[in-house]
Amino acid sequence: MTHETVLRGTGSEVVIGHGRRFCLIGERINPTGRRIFQEQLRAGDLSAIERDVQAQVEGGADVLDVNMGVPLTDEADLLARAIQLVQSRTDKPICIDSSVIEALEAGLAVYQGRALVNSVTAEDDRLAAILPLVKKYDAAIIALPNDHDEIPMEADKRLDLTAKIIRVATEEYGIAAADIVIDPLAMPIGADTTTALVTFETMRRIRDEFGVNMTCGASNTSFGMPDRHTLGAAWLPMAMTAGLTSAIMDTRTPQIVEAVKAADVFLDHDEWGMAWIAAHRAKAAATA
């Protein structure tokens, strides 16, 4: 049995599922590695967020990841304001992205709809801190199968930690398995190309043994390699065949977005190819 994860924004609903079209989570609203954006946010200028929302939605994002991890700021206040701004510009659901408990709570408190929370690990203290918030605000959660020790490089260990997360979330906190989205840990291939094979095996086994949905930071895989867009456009469809149902990615990259949409057609997640045909017609009409 496979599960479906339901997310809601102010006016739209997105369902992540193994038989559905792949869910694109736009990653751009994130200050990591963006010095000018960080300086703007420190000065209280959130205007760049509006441009990012528009670009990610136009690129095809179904959900928007919002991260406000800027050093020397009140992240809780900043995240709450960013979420309200994003929700004033789009009705799409949001993935609230923070490692700070107070910021997650502030974001969830102002959020309208049903959010996805990014993220929790298998560490007992993190589960105990974050899962009650997820339950209180009726959200869904991204969970990573790593613990205090390390990021496990073997599929068996990742499966063991996935089982632990699902058990604790469902049995101790009453969170439905459908609301647990596992990140199978997509590692950079630049140092070791075999890491991709471990991730694909992990995905297949999570799908077959637990039926839960999965996501990952898609750009991680090509880090340090040349021509990253081509690698991403090959990797994501392969991951989809292994069971990946969503990804956090920059939807301003048509090459990767179109590869995903094409894979949806071949996996029969786009019935009769209707979405593919409609997008082609819209593009033709726009150029005409």
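The figures follow:
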{"quantity": "Condition broken by Tyr137, with the remaining ones in (1) buried (at least 19 other Cβ atoms within 10 Å of the Cβ); (2) touching a Leu at 6+ places or on another chain (Cβ under 6 Å) satisfied", "calculated": "(1)"}
{"quantity": "Checklist (1) more than 16 Å from Val6 (Cβ to Cβ); (2) assigned to a helix (DSSP H, G or I); (3) in contact (Cβ under 8 Å) with a residue 12 or more places away in the chain; (4) not hydrophobic (A, V, I, L, M, F, W, C) applied to Asp156, failing item", "calculated": "(3)"}
{"quantity": "All positions within the stretch 109-123 that are within 30 Å of Lys157 (Cβ to Cβ) and in a strand (DSSP E or B)", "calculated": "Leu116, Val117, Asn118, Ser119, Val120, Thr121"}
{"quantity": "Contacts under 9 angstrom Cβ, first residue in the stretch 274-286 being in contact (Cβ under 8 Å) with a residue 40 or more places away in the chain, partner of a type in the set (A, V, I, L, M, F, W, C) and surrounded by 10 or more Cβ atoms within 10 Å (Cβ to Cβ), 6 or more apart", "calculated": "Ala275/Val265"}
{"quantity": "Scope the stretch 186-212; condition part of a loop (DSSP other than H, G, I, E, B) and farther than 15 Å from Ser119 by Cβ; matching residues", "calculated": "Met187, Pro188, Ile189, Gly190, Ala191, Asp192, Thr193, Thr194, Gly211"}
{"quantity": "Residues of the stretch 184-211 satisfying the condition of being in contact with a Ser or Thr (Cβ under 6 Å, 6 or more places away or on another chain) and in contact (Cβ under 8 Å) with a residue 60 or more places away in the chain", "calculated": "Pro184, Gly211"}
{"quantity": "Subset of the stretch 93-116 (residues that are of a type in the set (Asp, Glu) and crowded, with 24+ Cβ neighbours inside 10 Å)", "calculated": "Asp97"}
{"quantity": "Residues located in the stretch 71-98, provided they are β-branched (Val, Ile, Thr), modelled with pLDDT of 95 or more, more than 19 Å from Val257 (Cβ to Cβ) and more than 15 Å from the chain's Cα centre (by Cα)", "calculated": "Ile83, Val86"}
{"quantity": "Scan of the stretch 166-185 for residues that are under 26 Å from Leu197 (Cα atoms) and part of a loop (DSSP other than H, G, I, E, B), ordered by number", "calculated": "Asp183, Pro184, Leu185"}
{"quantity": "Helices (runs of 4 or more DSSP H) wholly inside the stretch 213-288 containing at least 3 residues that are within 22 Å of the chain's Cα centre (by Cα) and within 30 Å of Ala191 (Cβ to Cβ)", "calculated": "228-242, 254-266"}
{"quantity": "Scan of the stretch 11-54 for residues that are polar (S, T, N, Q) and surrounded by fewer than 15 Cβ atoms within 10 Å (Cβ to Cβ), ordered by number", "calculated": "Ser12, Thr32, Ser47, Gln54"}
{"quantity": "Qualifying residue in the stretch 147-165 (condition: among the polar types (S, T, N, Q), crowded, with 22+ Cβ neighbours inside 10 Å and within 30 Å of Leu197 (Cβ to Cβ))", "calculated": "yes"}
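Listed here are the residues, each with its yes/no results for (1) modelled with pLDDT of 95 or more; (2) hydroxyl-bearing (Ser, Thr, Tyr); (3) surrounded by fewer than 16 Cβ atoms within 10 Å (Cβ to Cβ).
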site	(1), (2), (3)
Ala196	yes, no, no
Asn213	yes, no, no
Thr230	yes, yes, yes
Thr245	yes, yes, no
Ala259	yes, no, no
Asp264	yes, no, no
Ile277	yes, no, yes
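The values are calculated or read from the model by the stated rules, or taken from the named source; none is laboratory data. Everything quoted here is computed from the prediction, not taken from an experiment. Methodologically, a virtual Cβ is constructed for each residue, glycine included, from the backbone with ideal geometry; neighbour enumeration extends over all protein chains shown.
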